[in-house]
1. Across the stretch 110-122, what is the number of residues that are in contact with a Gly (Cβ under 9 Å, 6 or more places away or on another chain), among the hydrophobic types (A, V, I, L, M, F, W, C) and not in a loop (DSSP other than H, G, I, E, B)?
2. Which one is surrounded by the most Cβ atoms within 10 Å (Cβ to Cβ) among residues in the stretch 93-112 that are more than 16 Å from Gly282 (Cα to Cα) and touching a strand residue (DSSP E or B) at 6+ places or on another chain (Cβ under 8 Å)?
3. Within the stretch 27-65, track down each residue that is crowded, with 17+ Cβ neighbours inside 10 Å and over 25 Å from Leu227 (Cα atoms).
4. So, Leu262, is that one modelled with pLDDT of 95 or more and not in a helix (DSSP H, G or I) or not?
5. I'm checking my understanding of the structure. Among residues of the stretch 134-158 that are within 22 Å of Gly193 (Cβ to Cβ) and touching a helix residue (DSSP H, G or I) at 6+ places or on another chain (Cβ under 6 Å), which one is most open to solvent (accessible area, probe 1.4 Å)?
6. Does the stretch 219-236 contain any residue that is part of a strand (DSSP E or B) and surrounded by 15 or more Cβ atoms within 10 Å (Cβ to Cβ)?
7. Limited to the stretch 46-63, what total is found for residues that are in a helix (DSSP H, G or I) and more than 13 Å from Ala85 (Cβ to Cβ)?
8. Which of the residues spanning the stretch 382-402 are within 19 Å of Asp356 (Cα to Cα), open to solvent by 80 Å² or more (accessible area, probe 1.4 Å) and either polar (S, T, N, Q) or touching a Lys or Arg at 6+ places or on another chain (Cβ under 8 Å) (or both)?
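The values are calculated or read from the model by the stated rules, or taken from the named source; none is laboratory data. Predicted model only: the values in this text are computed from it and were never measured. Virtual Cβ from ideal backbone geometry, glycine too; neighbours counted across all protein chains shown. When the accessible area is computed, the model is the full protein with side chains, heavy atoms only, and any ligands, DNA or RNA have been set aside. Shrake-Rupley method; radii C 1.70, N 1.55, O 1.52, S 1.80 Å.
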Amino acid sequence: MSESSPAPTAPRVPKRVAATILNSLKGGVVPRIGLPYITVGRETEIRALLTDLDLIREGGASFRFLVGRYGAGKSFLLQTIRTHAMGEGYVVADADLSPERRLQGGQGQGLATYRELIRNLSTKTRPEGGALGLVLDRWVAATPERAGAEKLTSGLTELVHGFDFSHMLLRYWEAAQEGDDDTRANVQRWLRGEYRTRTEARADLGISRIITDDDWYDYVKLLATFLVAAGYHGLLVLIDELVNLFKIPNAVTRQYNYEKILTMYNDTLQGKARHLGIIMGGTPTSIEDRRRGVFSYEALRSRLTQGRFASDEVRDMLAPIIRLHPLSYEELLVLIEKLAEIHAGYFGYEPKLTVDDLVAFLRIEFSRVGADSHLTPREVIRDFIELLDIMYQNPSKSLGDLLAGEQGVGSGASGGSATTGAGGVSGDGAMGAGPGTVSGGGDGDTIAGGRRDFTEFTI
């Protein structure tokens, strides 16, 4: 164990939040609470997205793609922006695409995405989702006179499907004044897109139109406009896991989904949408693949392709695509410092790891073959939390004890190769074709003819 001083003390984290952070990150997912305690780096990307929020507040609209490999931090950045936007007075709706949730589909997959967005509608006072009723009640409370409600709804009628949307809002206002909870619940159900047939909607609300697979995005635009009248700055829509569109086997269905993206992109950039921001997250393959990705749709590819002057060194953060670069070593060091403090605070022990210990851990992580280009923050975080858990459960083991075996494996892998029989597996991962020989890791010994059993080697 190093003799240098322990890492600086982080802010006190509530136990519930600390448990969520540690359990989520160890499981490879992004926590929905507590992100400010662990956010490091990404200043350039966050600054660019905050510029979009200012545009939304002023009545504009924005559209962005966040592109990065699995575990590179796309979902983390989306959740960070989500938390910041709610704190600044925006309403946020987020959804992950899946085989059952797409942007367009013949069996209600597009409507399923809309329902998920509305279900996850979140505000500063309701960050866990389900804020639709809260937003409606806030609007009713701020609009005591019928004339005010009618003025708002009349402004929405100019938009596509605005007449039906404003009619439902007026029905909700009337029901709230009369104490009619059943009608209020039915209006919320209609706004969530949960009516399956027009007959059912007509029986409950006297309206013959329902939200469908084809027009759900129009209602997202209407909702964004309404939210401003309800006292918010606008609506931010976060859609992750675009790779599920890439995986659609049917080419025609895939193109329909990309056409929906094109509609959203055009509306936001041409000024047809107001107070609306859309951010979509995907892997490089799901975006740039010319056969199945977003770039397979020529109209999108021509709009989104990077210009000739931008490069990895000189990035254009105002472009529609933001590509996430790996975190630097220094940023990862700050991150695991914070995690060590949160772990110690949650389990109630005094932090013992020093900065030198943390550096030694990162050295081990980045000593893997191909780590510079393939190691992601998700893997580093998961390994570190596992290490902290093991040390907590085994007080007699020090960090040096646990890392010693990994250092031995690392030096053995870099010093030579192992081959098992003809066509066996070599130590560097390639298929060998030579006789049964094993080259030693660092002492130059060569074992041949099976003179030493393989069980003597630690893998």
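1. Qualifying residue count for the region: 3.
2. The residue in question is Ala93.
3. Matches in the stretch 27-65: Val30, Pro31, Gly34, Leu35, Tyr37, Ile38, Thr39, Val40, Gly41, Arg42, Glu45.
4. Criteria not met by Leu262.
5. Thr157
6. Taking the stretch 219-236 and keeping what is part of a strand (DSSP E or B), we get 235-236.
Remaining after also requiring surrounded by 15 or more Cβ atoms within 10 Å (Cβ to Cβ): 235-236.
Within the stretch 219-236, one or more residues are part of a strand (DSSP E or B) and surrounded by 15 or more Cβ atoms within 10 Å (Cβ to Cβ).
7. The total comes to 2.
8. Selection gives Glu386 alone.
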